[in-house]
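First comes the structure, then the notes that go with it.
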Protein chains: 2
Amino acid sequence: MALPRQYSGGANGNRSLERGIEILRAFRPGIDTLGNGEIAERTGLPRSTVSRLTKTLVALGMLDEIKAERNYRLAAAVLSLGHAVRMGSPALRVLGPLMRAESTRRKLNVGLATADRAMMVYLESIRYNPRPTLRSIVAGQQVPMELTSLGRAYLAGIPDAERDRLIGQFQRRSAAATRALVADVQKSIRVVRRDGYCAASWQPGVLAVATPMVVESLPVYAINMSLQDIEPSDDLAKEIGGYLMAFAERCKEALSGLQDFRG
Amino acid sequence: MALPRQYSGGANGNRSLERGIEILRAFRPGIDTLGNGEIAERTGLPRSTVSRLTKTLVALGMLDEIKAERNYRLAAAVLSLGHAVRMGSPALRVLGPLMRAESTRRKLNVGLATADRAMMVYLESIRYNPRPTLRSIVAGQQVPMELTSLGRAYLAGIPDAERDRLIGQFQRRSAAATRALVADVQKSIRVVRRDGYCAASWQPGVLAVATPMVVESLPVYAINMSLQDIEPSDDLAKEIGGYLMAFAERCKEALSGLQDFRG
DNA sequence: TAACCTAATTCCATTTAGTGGAAATGACCG
DNA sequence: CGGTCATTTCCACTAAATGGAATTAGGTTA
């Protein structure tokens with residue numbers, strides 16, 4: 001007695017595939033292992049369905065089964081898919097070298113991100129450190145769209161309908177402080193319209209500025225520059241903003257000749 | 001008129017989910033964009049089925065649709081899943097710092113990998129470079145199991161049945177030179193049994209040695225050390241092998257106290 | 001060692017939701 | 001503007017997925 005088709009999205013899609021992917025998405029940083037029971041709770045799926053789908057995902061190499069603990073963990077195949085994302089991204093291929101050079105030149109962090117639902121996902125985040133050995137590159141990390149300069153710059157770069165849909169999701173996400181938050185987000189978007197970038201300091205001691213990067217036939221991206229362990233100030237934001245705008249100009253130039261290369 | 005259930009694996013699983021994941025796997029480094037037609041060819045699925053599944057995958061955020069070119073590309077959500085793999089891996093959490101230190105100390109590349117089908121996937125690959133700025137970390141990259149020391153060490157660490165199954169896949173993969181290749185693989189496995197590690201030099205100017213890492217309630221891993229831009233020799237392999245065995249010992253120690261910490 | 005308790009998994013009748021071929025639509029080119 | 005190719009939608013069909021119930025397996029205590 002399968003349920004009538006009235007699940008999450010509403011739009012038609014392959015239900016089993018949706019559910020399987022939703023199971024994979026239940027795993028995220030901080031939620032490393034899950035048993036079938038927990039997955040059923042988190043996803044709202046029937047236990048027997050979860051049991052069958054996790055079995056399939058294990059057979060496909062997407063989940064590792066930890067028999068002793070009766071639970072699962074994301075498997076290596078998922079990681080290699082993630083690697084394929086980066087290798088296949090023409091934006092990253094073009095901008096990666098520029099970003100590394102700029103990070104070294106300005107001595108600050110440079111990031112490139114795009115959206116996954118209501119989160120921003122770093123395609124590349126180059127963390128500057130005075131000690132070269134400690135410099136690092138992170139990819140795939142998520143930060144909340146509504147709180148970060150990255151996310152707000154992104155919002156300024158996408159079509160109105162999409163933006164409204166996302167702002168609706170922020171409201172559903174955090175019941176508290178919603179009114180003020182949405183106003184703040186919209187203010188940031190206006191600032192991006194005016195100055196080309198916006199600044200935010202959602203982590204103490206960290207100042208970040210970001211700008212949208214809209215290119216034909218690519219998803220909308222956002223580029224950010226940030227400094228940690230400093231005292232955020234308007235003057236500092238303005239200085240970094242200047243660097244960012246100059247850099248973004250060069251990025252757009254580098255990206256403009258992309259569609260010719262079929263890649 | 002759906003086909004009777006006699007597809008790929010044979011074992012029962014959710015067919016739609018299998019197909020959807022197989023579509024994602026059709027994208028890999030070098031195959032950045034695919035249209036529905038190409039996907040249908042590569043996967044052997046009917047065109048209409050592919051059309052529907054890609055639509056679902058786009059709705060789920062796993063594929064980006066490039067309308068202008070009528071094709072698809074892996075999307076950011078896949079990358080964040082890949083990031084979750086690394087964050088959720090207790091092996092990487094424990095061994096990552098050790099590997100970085102060892103790479104700096106010995107001035108060579110250190111890698112940690114496990115299997116995805118007949119490929120080895122790097123959970124972490126620390127590329128040593130005399131210029132600290134150029135040191136890099138790669139994750140998710142695949143190398144062929146049968147040609148690499150990493151893969152052969154892995155084969156030496158897994159149960160017999162699994163190993164035989166994989167060796168069968170090598171034969172199907174490369175029709176040529178199969179006989180000699182399989183013998184070579186089996187020789188490497190015996191060397192691992194004897195010395196604890198094996199060496200291989202499948203890329204010119206690169207020497208790599210690897211050892212399996214078998215820990216209760218974790219997938220089997222392999223650790224490697226490698227040098228590039230050198231002349232491979234038995235003596236050099238022996239020297240690196242010595243470093244590797246000492247390092248692996250410390251790794252096993254560090255990993256042994258894992259199951260107590262539930263995570 | 002056995003009995004208990006909890007939770008995961010298999011079973012099974014039900015019927016939905018996925019299927020693939022055919023038709024229609026849409027893009028691209030001369 | 002008409003022709004050609006590829007992609008997507010439509011549709012009748014039924015196989016395959018479904019969820020509740022029954023069963024099995026694990027872990028714990030006496």
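The values are calculated or read from the model by the stated rules, or taken from the named source; none is laboratory data. Because the structure is a prediction, the values reported are computed rather than measured. When we count neighbours, we look across all protein chains shown, and the Cβ atoms used for this are built from the backbone with ideal geometry, even at glycine. Accessible surface areas use protein heavy atoms only, side chains included; no ligands, DNA or RNA. Shrake-Rupley method; radii C 1.70, N 1.55, O 1.52, S 1.80 Å.
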log₁₀ I(q)/I(0) of the stretch A:38-163 at q = 0.10, 0.13, 0.16, 0.18 Å⁻¹, via Debye over equal Cα point scatterers, no solvent, to two decimals? -0.49, -0.76, -0.97, -1.06
With all distinct Cα pairs included, what does the Kirkwood hydrodynamic radius of the stretch A:15-75 come out to in Å, to one decimal, could you say? 11.2 Å
What whole-number value in Å² describes the accessible area per residue of the stretch A:15-75 for a 1.4 Å probe? 45 Å²
Remind me, relative contact order of the stretch B:88-261 in percent, using alpha carbon pairs under 8 angstrom and six or more residues apart? 22 percent
How much accessible area per residue does the stretch B:185-263 have, in Å², with a 1.4 Å probe? 54 Å²
Where does each of A:Thr133, A:Thr49 land when they are ordered by accessible area, with a 1.4 Å probe and the largest first? A:Thr133, A:Thr49
Which values, in whole Å and largest first, are the semi-axes of the equivalent ellipsoid of the stretch B:174-263 obtained as the square root of 5 times each eigenvalue of the Cα gyration tensor? 27, 18, 11
The stretch B:15-78: relative contact order as a whole-number percent, Cα under 8 Å and 6+ apart: 31 percent
Could you quickly flag the chain A residue whose beta carbon comes closest to the rotation axis taking A to B, and that distance in whole angstrom? A:Gly82, 1
Quick one: with label points 7 Å out along Cα→Cβ, list the inter-copy distances for B:Glu253 in nm, shortest first? 5.5
In peptide A:53-66, how many Cβ atoms from other protein chains are near each Cβ within 10 Å, on average? 5
Total lysine pairs under 18 Å (Cα atoms) in the protein assembly as shown, excluding pairs fewer than 8 apart on one chain: 6
Which whole number gives the average, over all residues in A:164-171, of C-beta atoms from other chains lying within 10 Å of the residue C-beta? 0
Relative compactness, the protein assembly as shown, computed as alpha-carbon Rg over 2.2 N^0.38 Å: 1.00
Taking springs between alpha-carbon atoms closer than 10 angstrom, which of A:Glu18, A:Glu249, A:Glu239 fluctuates most in the Gaussian network model of chain A? A:Glu18
Heavy-atom accessible surface of chain A: percent carbon and sulfur, 1.4 Å: 51 percent
Each residue of B:19-30 has, on average, a number of other protein chain C-beta atoms within 10 Å of its C-beta equal to 5
Compute for chains B and A the buried accessible surface, both sides summed, probe 1.4 Å, and express it in Å² to the nearest 100. 4900 Å²
For chain B, modelled as a Gaussian network with Cα springs under 10 Å, which listed residue fluctuates most, B:Ser188, B:Ser149, B:Ser48? B:Ser48
Taking chain A as a Gaussian network, Cα atoms linked when under 10 Å apart, which of A:Thr211, A:Thr56, A:Thr114 shows the biggest mean-square fluctuation? A:Thr56
For the stretch A:88-261 (alpha-carbon point model, no solvent) the Debye-based log₁₀ I(q)/I(0) at q = 0.15 Å⁻¹ works out to -0.81
GluC sites (Glu not before Pro) lying in DSSP loop within the stretch B:119-222, provided at most 12 other Cβ fall within 10 Å: B:Glu216
Nm distances between copies for A:Gly168, ranked from closest, using label points 7 Å along Cα→Cβ: 5.1
